[in-house]
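Every number in this text was worked out from the coordinates using simple rules, so none of it is lab data. Keep in mind the model is a prediction, meaning the values are calculated, not measured. Heads up, the Cβs are rebuilt from the backbone with ideal geometry, glycines too, and the neighbour counts pull from every protein chain shown.
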Amino acid sequence: MSLQYVPDLIYDAGKTGYEELVMNLSFTMKKLNKGHILEIISTEPRVKEKLPFWCRTETHLLLDRKDFGESSYYYIEKR
C-alpha cells in the first residue's frame, strides 16, 4: 500500500545545489503552519543523502521520497 501525501506547498528546486536549497527551505518552511506538508522536487543527487539530516536537525519529519527518472519528490511535514 502506497501512501499519498497532499502538499500544502510545492517547491520545485530543479537543479538547485544543496546549500542553496537548504537556505530556501528555511524561508519556505516559515510560510507553513505546523502539520502542513511541503513537497520538494529536486534533480540534485546530493539532496538524497543530506535532506534527511537537515530534517532531523530542524525537527521536521521527512515523510517519504519518491524517485521518477532524474527527479526526486520529497514530502516533509513541518513540526
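What is the fewest-to-most order of ILE10, ILE40 by other Cβ atoms lying within 10 Å of their Cβ?
Details: ILE10 12, ILE40 24.
Ascending number of Cβ neighbours within 10 Å: ILE10, ILE40.
Normalised by the residues of the chain, what does the relative contact order come to in percent, with Cα pairs under 8 Å and at least six apart?
So the answer I get is 35 percent.
If you rank THR43, THR16, THR57 by fewest surrounding Cβ atoms within 10 Å, what's the result? Walk me through the numbers before you get to the answer.
Details: THR43 14, THR16 18, THR57 9.
Fewest to most other Cβ atoms nearby, the residues stand as THR57, THR43, THR16.
Going by how many other Cβ atoms sit within 10 Å of their own, how do SER71, SER42 line up, fewest first?
Ranking SER71, SER42 by Cβ neighbours within 10 Å, fewest first, gives SER71, SER42.
Among DSSP beta bridges whose residues both lie in the chain, state the antiparallel percentage, nearest 5. Provide the component values of the computation, followed by the final result.
Working: 13 of 18 bridges.
Roughly 70 percent of the beta bridges in the chain run antiparallel, per DSSP.
For GLU70 and ASP12 in the same chain, what is the full-extension length gain: residue separation times 0.36 nm, less their Cα-Cα distance, in nm?
Residue separation times 0.36 nm, minus the Cα-Cα distance, leaves 19.5 nm.
Let's test this: bin the Cα-Cα distances of segment 1-68 at 10 Å from zero up to the farthest pair and state each bin's percent.
Bins of 10 Å from zero give 18, 59, 22, 1 percent of pairs.
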